[in-house]
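For reference, the structure discussed in these notes is given below.
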Amino acid sequence: MFNNLLILSAAGMLVTGYLMVGQKALFTAIRLYGAQSWLLGVIAVAIALGDDRPHLFVTATLTVVLKGLLIPWFLMRVVDRIGIRREIEPFLNVPASLLICLGLTVVGYRVSTGFPEGAQGVTHHVIGVGLSMLLIGLFLMVTRKKAVTQILALLTVENAVFLIALGITSGMPLVVELGISFDVLLAVLVLGILVRRIVDRFESMDVSRLSQLKG
Amino acid sequence: MIEHALAPIGLAALQAAAMLALAPLLRGLIKKMKAALQMRQGPPLLQVYYDLAKLLRKEAVRSATSSWLYIAGPRMYFATAVVATTLVPVWIAAAPLEAAGGVLAFVGILALGRFFLATAALDTGSPFGGMGASREMTIAALAEPALMLGLFTAALSAGSLNLGALVRGLLDRGVAFHPSDVLALAGLFIVVIAETGRVPVDNPATHLELTMIHEAMVLEYAGADLALVEWASALKELLYLTLLADLFAPIGIATSASPVLLLQSALIWAAKMFVLALAVTLVESTNAKLRLFRVPDLMAVSLGLGFLALAIRFL
């Protein structure tokens, strides 16, 4: 029962990752990230109930409140203020990116069998999905031009690392989790301000313009 | 011996008739729920039936320059949709005509209907028909492989390409999810949206010349011809949703023909259809229609998800 929930949510996270690669509306991408964080929360709850590890409930709550509600709300506000709604043409077109992500997922899944815990069963899928999403997040960060999408890619990577940590370890100590969560929140706040500064100066969110000389 | 051969045909006719009778209700339900989300009252639940009845009574106006293809188009489209219905298990874990063909026959028969409708649209020589046909085929060419990949993923876990045996295999397997199921479901859902002409891909409610796809293809038709096309489209929609329910939530489908089990199975089926219709409505209400040139990207996502589902099966 809990294993099914775990696998469903993990696969759901992978699907949100794919949809993020496949479309360009910033609001939808932010919503997808929110959904992804909710699924991560569900995974934490499923592990907490399945393996009887009550401290994971705190993790789940933190994940849902911070990453599922607060960060998406803040990012939506930033996008709303700036008034730029769509990703411009990325460095690679969508079908090509999807093909590459397909390869990355296969690599992630294959590598996950190398973990001593990940050889089979539920943890194999959790670690596989985690590694795949890590690679997809990195790929998104490299190929997208908008600063907000890059923040979302960074957050996806963070979710992926969190998922792998949940799959391999029996959950990190609470202090570490609190530290990471607030780090993420602060990073998003700072990046949000940075995005607005970039937009003020260049009248665009295109980070590739940062490499041009400005007289 | 003859009775032995006739029984499946009778069952097939029964199932096809029931599905045909229920198909417009699904359309009406989706319209009603969509209206409710927009704080409108919307047309009555049975409006689609009234429309069909009205169209069936009207004379079919046909262009003088059109050939037999124009007349064959809607009829073949309707016939293939009905035949495809008999290949899918609906209320009982066996398709009436499952001896006749499996997954590939299902996809092929629906493609045949689409081929005839597209050629018929080209037949009158109207620019709208040609434009609609070319768009429809562009999307279908991308949706079909994605549909096949999704079906193959389910077939792999059940060990059969025959839809009846497939559902029985899934029932035997019980509730043990594999991540590939979720990926295949997501991929297939996008295919269903595209094939039924729902919002991110096409808008069934407008006749705006630049955006319409399916509607442009059937723009020339009137009267009974149009009724056949509309009815077949509604049937296909119900059929695709049933297929999704069969492949990813076969629980509750009757395993023997006892009346109690059948009734229970029909009720559970209705509940599944309602949930899926709700999902379609939500997608339709929360998304804007994609630009035509964006649609291949969406289909690439669904194709990618299908490939991935198959790949993960083997890892």
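Rule-based calculations on the coordinates, nothing more; no lab input. If you're wondering where the values come from, they're calculated on a predicted model, not measured in any experiment. Cβ coordinates were reconstructed from backbone atoms using ideal geometry, including for glycine residues, and neighbour counts include every protein chain displayed.
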Legend entry - Dipole magnitude of segment B:26-71 about its Cα centre (Cβ charges: Lys, Arg +1; Asp, Glu -1), debye to nearest 20: 160 debye
Legend entry - Relative contact order computed over chain B (Cα-Cα under 8 Å; 6+ residues apart), in percent: 27 percent
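Estimate the FRET efficiency between B:Leu282 and B:Ser67 by the formula 1/(1 + (r/R0)^6), using the beta-carbon distance for r and 56 Å for R0, to the nearest 0.05.
Numbers: r = 43 Å, r/R0 = 0.77.
Taking R0 as 56 Å, the efficiency between B:Leu282 and B:Ser67 is 0.85.
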Inset, instruction - Report the relative contact order of chain A, percent, no decimals, based on alpha-carbon pairs under 8 angstrom and at least 6 residues apart. - result: 22 percent
Inset, instruction - Order by neighbour count: B:Trp68, B:Trp91, B:Trp231, fewest other Cβ atoms within 10 Å first, most last. - result: B:Trp68, B:Trp91, B:Trp231
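Fewest to most neighbouring Cβ within 10 Å: what's the order for B:Thr119, B:Thr242, B:Thr206?
Numbers: B:Thr119 15, B:Thr242 21, B:Thr206 11.
So the ranking, lowest neighbour count to highest, is B:Thr206, B:Thr119, B:Thr242.
Looking only at Cα atoms, what is the convex hull volume of chain A per residue, in Å³?
On the way: hull volume 24.0 nm³, N = 215.
Taking the convex hull of the Cα positions in chain A, it is 111 Å³ per residue.
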Inset, instruction - Any chance you could get the radius of gyration and Dmax over the Cα atoms of segment B:232-315, in Å? - result: 16.7, 51
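So which DSSP H runs in chain B come out at 18 Å plus along the axis (Cα) with average Kyte-Doolittle of at least 0.5?
Numbers: long enough: B:2-37 (52 Å, 1.14); B:68-85 (26 Å, 0.96); B:103-123 (30 Å, 1.90); B:127-158 (46 Å, 0.93); B:179-195 (24 Å, 1.85); B:223-248 (38 Å, 1.08); B:259-286 (40 Å, 1.61); B:295-313 (28 Å, 1.62).
Qualifying helices, which must be both long enough and hydrophobic enough, are B:2-37, B:68-85, B:103-123, B:127-158, B:179-195, B:223-248, B:259-286, B:295-313.
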Inset, instruction - Express the relative contact order of segment A:67-169 as a whole percentage, based on alpha carbon pairs under 8 Å and six or more residues apart in sequence. - result: 27 percent
Inset, instruction - Multiply the residue gap between A:Met76 and A:Phe2 by 0.36 nm, knock off their C-alpha separation, and tell me the result in nm, one decimal place. - result: 23.3 nm
Inset, instruction - Over the alpha-carbon set of chain B, work out the extent along each principal axis and list the three values in angstrom, largest first. - result: 55, 47, 40
Legend entry - Reachable aspartates and glutamates, given that their alpha-carbon falls under 20 Å from the alpha-carbon of A:Lys145 and they are not under 8 places away in the same chain: A:Asp80, A:Glu87, A:Glu89, A:Glu158, A:Asp200, A:Glu203, A:Asp206, B:Asp297
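Given 37 °C and 0.692 mPa s, compute D for the protein assembly as shown with the Stokes-Einstein relation, Rh being the Kirkwood radius over Cα pairs; round to the nearest whole µm²/s.
Values: Rh = 24.9 Å.
Estimated via Stokes-Einstein, D reaches 132 µm²/s.
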Legend entry - Degrees separating the helix A:26-50 axis from the principal Cα axis of chain A, which is the longest one: 20 degrees
Inset, instruction - Rank A:Ser211, B:Ala141, A:Thr113 by how far each Cα sits towards the positive end of the charge dipole of the protein assembly as shown (+1 on Lys, Arg Cβ; -1 on Asp, Glu Cβ) and give me just the farthest. - result: A:Ser211
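Past the 18 Å Cα-Cα mark, which pairs from B:Lys54/B:Lys236; B:Lys34/B:Lys289; B:Lys236/B:Lys289; A:Lys67/B:Lys289; A:Lys146/B:Lys289; B:Lys236/B:Lys272?
On the way: B:Lys54/B:Lys236 21 Å; B:Lys34/B:Lys289 15 Å; B:Lys236/B:Lys289 21 Å; A:Lys67/B:Lys289 29 Å; A:Lys146/B:Lys289 23 Å; B:Lys236/B:Lys272 16 Å.
Pairs exceeding 18 Å: B:Lys54/B:Lys236; B:Lys236/B:Lys289; A:Lys67/B:Lys289; A:Lys146/B:Lys289.
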